[in-house]
Structure formats: C-alpha cells, structure tokens
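Asks: Have a look at this one before I ask anything.
Just so it is clear, none of the values below were taken in a lab; they were calculated from the coordinates. All of these numbers come straight from a predicted model, not from anything done at the bench. Counting neighbours? That spans all protein chains shown, and the Cβs are built from the backbone with ideal geometry, glycine included.
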Amino acid sequence: MSQNGKLLKNRNTSRTGTKPVTPNTVSTSSDRFALLETQHDVSVIDDDEMDTADEAPPAPDQQLAAKKISKPRPIAVPGVSDIVAMEQTINQSVGPDSYEFKASPSGYLKINAKDVDTHRAIARKLTEVRVQFTHLCLKEDRPYRVVVKYLAASTPRCQIEAAFTSHSHTVTNLYNTGARQPTSEDCADFTNDSPSRNFWLVDLKQDVNNWEALRLRVGRQRVTIELPRKSNSINQSFRCFEFDHTKNYCLKQPMCGRRGQSHWTNSEQCQAKTVADLRCSNCGETMLLPIKAAKAIS
C-alpha cells in the first residue's frame, strides 16, 4: 500500500531481486513437466524426405543435358546484295522466328540463331546453295583436347587410341605436331618421319569422364597427360587469310597467302617467285617475313 492509498501492481518487493510473476508466465496446467514436452516429434521422418534421400544420382546423359547451353556465335556472310532473297533461302530450312539479321559496317551480314540446332540447319543450307560464309565452332561440338608428353613419336597410332578407348573415351583426332601423318590407317604404320617430336595431341569427345583421361598410361611408357595451355594468338584462316576464324569453318573463296590472288597458296598459278613479289592478302602491301620464311620462298 502506498502513501496515496493505491495498490502497487507488479512491483518487486522481495529482497532477492526475482522478477514478478506476470499472468502470461503463470502455468494453468497442473502438470509441472508440461513445458518440457517437445512440440514436434523428431523421431518421425516424412516419407517425402526419405524418398529424396534414397534417390539415385542423375545419369551422365542427364548431367550433360543439365549443363547450360551456350548461345551460338553469329554466321558472317560477306557481300549480301539482296537480303530478301537471303531470308527466303534460310526460311526453307528453319522457321522465320528462330533467327535474326544484323548488318555490320564492314559489309558482312551476321545471322544470329536462337539455338544450336538452328545454327547447324542454317550452316547446312548455306553450304548446300554454295554461299560463302564463315562461322565458329560450337561449344557443344568442341573436342576435349589433352596433351600427351614424353610419348615416343614412333608409337603406333592404334596403341595410343586403344589406351583411351579402353577407359570409355572416344578419340576423334590424334596427331603428332612434329611428324608427318601417315596416309594409311593401318596399325603397322608409324609416324616416325622426320621431323618428329615426343609430343602428341589427342582430341576426345565431350563426356562427363573426360577428366579421367589425365591419369592414363600408354603401354609401358611413363607419360604425362595434361590440358593444353591457352593461346592468346589471333585466329586466322589459311583459306581466305582473314582473321577471327579458322580454315575448318571458312567457306569463302580461297586466297593466295603470298600474293593475295584468288587461288590456293600452293597452286601452280602463284606468281610469287622472289621475296619482293610477296604481298599481304588483306591490305596488298609488301609483306615482311622472317628470315626462315624468306629463304623458303626464295
């Protein structure tokens, strides 16, 4: 009771410093152990969670399909004078809503496909009607390349291929950078022509187990298999000698790398007999070559 005669509510009057008991904290149950009971039984597991835990990992094909599909690079067509005729030609193979055009200031018509299948269909159609164009290798078609070091150049090609195929790898290309490739596919043919290097490049088909190829051995030879180093050089086509693409994806008119004329570089029509006759195929000016290349031409 205070001096004014009013009751003191919820005031701690004890000397021990304990908090007052509020109506919210008062338990109305007669069981004093009721607060210790858990709200949810942890021993009960949902059936959906058990099914998720027992699911098998996705198959390798599903893992490849789950990868993000990259957008294909554009197809460059030079010297298009009638864009309506070009559009009608492409519409014969793909739908009109699956691609779009973009004209560049350099005179190229760039065709941007929406997906990989459309890109392949347009490239096949342009090749069928003999249209000159250039494009780049699709990321899905790019091989998985490994470098095999300390492998003798005289090793049979079939032995190297068998070392990879025995571990579920598909070899798409195999060559020695310093040896001339054999004309026959017979296993008895060796690539020991001079010059040769104990250095091989192997292209494998893309698969989820490609990384396992870095642990293989070729017969009794102790080799080192690793990924190639990234090159910072600019791509140049040895067909038209223009840049930003390679000869394997170039369907333009062949150009001479010595004079810039409309024929192959090693053709009999080449008029470059001396070093002074060399001309750049892009600008037409006199081309300065290293001493080794100049001696080879002269």
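Asks: Take the Cα atoms of the range 60-138, find their three principal axes, and give me the spread along each one in whole Å, biggest first.
Replies: Answer, in whole Å and largest first: 47, 26, 21 Å.
Asks: So how far apart, in nm, are the two label points at Lys125 and Thr246 if each is 7 Å from Cα heading toward Cβ?
Replies: Roughly 2.7 nm, to one decimal.
Asks: Another question, then. Name the long-range amide H neighbours of Val218: under 5 Å, sequence gap of 5 or more, or other chain; modelled H, no Pro or chain starts.
Replies: Val223
Asks: HN-Hα J couplings of the range 79-91 from phi, Karplus 6.51/-1.76/1.60, θ = phi - 60°, integer Hz, Gly and Pro as x?
Replies: Couplings: x, 7, 9, 10, 6, 5, 5, 5, 5, 5, 5, 5, 5 Hz.
Asks: Tell me, what are the semi-axes, in whole angstrom and largest first, of the equivalent ellipsoid of the range 98-153 as set by the roots of 5 times the Cα gyration tensor eigenvalues? Spell out each step's value before the answer.
Replies: On the way: eigenvalues 207, 39, 32 Å².
Whole-Å semi-axes of the equivalent ellipsoid: 32, 14, 13.
Asks: Let me ask something else about it. Provide the gained length on full extension for the span Gln92 to Val208, in nm with one decimal, where the gain is 0.36 nm per separating residue minus the Cα-Cα distance.
Replies: Gain on stretching Gln92 to Val208: 38.1 nm.
Asks: Quick one: check the C-alpha center-to-center distance for the range 209-228 versus the range 129-174, whole angstrom.
Replies: 14 Å
Asks: Trypsin sites (Lys or Arg not before Pro) within the range 132-174: which are DSSP loop residues with at most 15 other Cβ atoms inside 10 Å? Intermediate results must be reported in sequence, preceding the final value.
Replies: Working: sites: Lys139, Arg145, Lys149, Arg157; in loops: Lys139.
Loop-located and lightly packed - Lys139.
Asks: To the nearest 20 debye, what is the magnitude of the charge dipole of the range 60-138 about its Cα centre, counting +1 on the Cβ of each Lys and Arg and -1 on the Cβ of each Asp and Glu? Don't skip to the end; give the middle numbers.
Replies: Details: 11 positive and 8 negative charges, 62 e Å.
Its charge dipole is roughly 300 debye.
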